[in-house]
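**Student:** Please see the structure below; I have some questions.
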Amino acid sequence: MSHIDNIFTQVRARLQSEGVKLWEEPYFSEDLGCIEGAMENLAAEYGRFLGIPSDRCYFVLTELQDNALRKLAARREFNATGLATFKVRRIDNRGGGGTTTMQDVKCDLNSLGSDLQAAIAAKLQLPDSNHVKCIAAGKMVASNATLASQQLKNNQQLIVIVTGRGDNQNEALYDRINRIKADVEAVVSSQNQLMEMEDQNGSPVFLPPDENRALLTGLGFCEKAKVAMQREDFEEALLLLLEADERFATCNSQLLEKVDNYALLNLDIVWCYLCLKNVTQLPDAERRLSICTRSFRRSYGENFERLYSLKESSGRSI
């Protein structure tokens, strides 16, 4: 987390603990707008309490106030027109900067995912909306389903990966993702075989053919994602991991609880969020880390008892 992000976190937590509402008086008036004197006094008070320069505190407070006012305006517009506002943050990892500036994009919740892609492409001045990949709450937004059916909400934050923008690097990413997906699915189809699996206790796990195919395809995407992560191409890795996550989601939840692969998938997704410096997906990261914790506890015991037992039985030193 950067220094300024840390200040935002501290100031936001302080505001919440004291129940301060920056969009109401004495800090804001519908007639006068931002009341600078009250904001400056609050910045000085918080600066002393948190050990932060008052000018930085003031900057953070005004940014938080602007964000709150934009949310209120978006809520009023949604209630009046049904038009939802999405906070879109585009990932651009080429310069090592992680994510770029957040922008507002409006779209009706009854519209298809493809309509949202088109709106984002227009906002970002991109020629082809098919190259826009939207991620909401850790899931890829499907282009052929409505936003409402995918549980998207007004004022929700989205991250966007642009896989083609007219330059060679992004065009290569778009083509590479499609080629990898086609190759993995072709390999799974051509082998036409069932995968033999065991749970943490070494007992066989029998899968219906459809689940077996979905799991094989998901594991194939995971392996390709690991290669991308090794070369620090976290945009590609995240897209492939989310494709794998969609395949795993079609499997029985009890099956996913019996194998470590799903936990490792979630851990890799969180790692990609971190490397892309994407704080907008923190709630999804927390959810996925909880899945990892539960799975690893089942696999290795609360205090790694099963891991130690396996090492002792193999004759290896602990």
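**Student:** Kindly list the number of the only condition in (1) closer than 30 Å to ASP108 by Cβ; (2) touching a Ser or Thr at 6+ places or on another chain (Cβ under 6 Å) that fails for ALA43.
**Tutor:** It is condition (1) that ALA43 fails.
**Student:** Select from the stretch 104-142 the residues that are closer than 20 Å to GLY82 by Cα and either hydroxyl-bearing (Ser, Thr, Tyr) or not in a helix (DSSP H, G or I) (or both) and list them in ascending order.
**Tutor:** Answer for the stretch 104-142, where residues must be closer than 20 Å to GLY82 by Cα and either hydroxyl-bearing (Ser, Thr, Tyr) or not in a helix (DSSP H, G or I) (or both): ASP104, VAL105, LYS106, CYS107, ASP108, LEU109, ASN110, SER111, LEU112, SER114, ALA136, VAL141.
**Student:** May I pose another question? In the stretch 4-53, which residues are hydroxyl-bearing (Ser, Thr, Tyr) and part of a loop (DSSP other than H, G, I, E, B)?
**Tutor:** Hit for the stretch 4-53 is TYR27, nothing else.
**Student:** Scan the stretch 272-286 residue by residue and report those that are part of a helix (DSSP H, G or I) and hydrophobic (A, V, I, L, M, F, W, C).
**Tutor:** Matches in the stretch 272-286: CYS272, LEU274, CYS275, VAL279, LEU282, ALA285.
**Student:** Right, next: Within the stretch 21-30, identify whether any single residue is over 21 Å from LYS71 (Cα atoms) and at pLDDT 90 or above, and answer yes or no.
**Tutor:** Taking every residue of the stretch 21-30 in turn, none turns out to be over 21 Å from LYS71 (Cα atoms) and at pLDDT 90 or above.
**Student:** Next up: Just to be sure I understand, how many residues within the stretch 98-125 are surrounded by 15 or more Cβ atoms within 10 Å (Cβ to Cβ) and over 27 Å from GLU63 (Cβ atoms)?
**Tutor:** 10
**Student:** Hey, another quick one. Inspect the stretch 34-50 for any residue being free of Cβ contacts under 8 Å to residues at least 24 places away in the same chain and on the phi > 0 side of the Ramachandran plot and give the result as yes or no.
**Tutor:** No, there is no match, as no residue in the stretch 34-50 is free of Cβ contacts under 8 Å to residues at least 24 places away in the same chain and on the phi > 0 side of the Ramachandran plot.
The values are calculated or read from the model by the stated rules, or taken from the named source; none is laboratory data. No experiment lies behind these values; they were computed from the predicted model shown. Glycine also receives a Cβ, built like all others from the backbone with ideal geometry; neighbour counts cover every protein chain displayed.
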